[in-house]
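We did not get these values from a lab; they are worked out from the coordinates using the rules stated. Fair warning: this is a prediction, and the values are worked out from it, not measured in the lab. Quick reminder, even Gly has a Cβ in these numbers, built from the backbone with ideal geometry, and neighbours come from all protein chains shown.
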Amino acid sequence: MSNEVCYKCGRSAQFQLKNGEWCCSQTINSCPGKKKRNQNGVNNSRYGKKPWNYGLTKETDDRVLKYSIDCSETKIHMYKEGEMTPWNKGLTKETDKRVEIGSKKMAEAKRGRPLLKNRKPISQSKYKRKSYFRNQFKRYLYISWILPVMKRDNFKCILCGEHQELEVHHLKPYRDVFDECVKELDFDENEWLVWGQEQIEALLLKITEKHIIEIGITVCKECHGKIDPHREKFCQKKRDINETE
């Protein structure tokens, strides 16, 4: 047994860290001293003070944004050089339950069931224009409308028979559907910035009900630009941005 004392919690230490100090655990995060709390219930750092980034976010402080980018780049470099290994390397579904849970979630996402748990409500999204706000409702139509339309058309373009880069085209313009739903719910379209969560959920339900399979067809990206001039303009803007970059 070593006579050294842990520099954080005061317990007997068995491991010497790279900085020359002794710790009761081989990893700093496992030391009980890291879990100590002060009277206000805030986690203490090494000297019993609040961390420098306590209460700061990427939006309020540039240092947090800079360090988060640097950390992600460092991790990518360490993975490439072999200095770090993924947590699931060498693990299988039989040896670890986390691998099985992760594989099930990936399979669900590939089948067209997006994980909506981490998505923010539409009312909290950072929209600047009304058109962007209107299009936020489209992402919730994947399971209820887009996927059934693609299944009906056997996952191929009905114009050229292509199986790649498939999209669903509105036979009835989406903007008209949105305006109809707003009128039926008797909402003031000019006050969309102050709509509450209950109003948005009611509008989302109405838009979902209006999207029946008959108003959509499956087309590829190229054919979609031919039959929809607005789509072609959008694709052209993306090409121009990519060329300038």
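Brief remarks follow.
- The residues in the stretch 72-88 that are over 24 Å from the mean Cα position of the chain (by Cα) and assigned to a loop (DSSP other than H, G, I, E, B) can be counted, and the count is 3.
- Any pair with Cβ under 8 angstrom, 6 or more apart, that starts in the stretch 201-226 at a residue that is closer than 18 Å to residue 135 by Cβ and ends at one that is of a type in the set (Lys, Arg): 215/172; 224/231; 225/231
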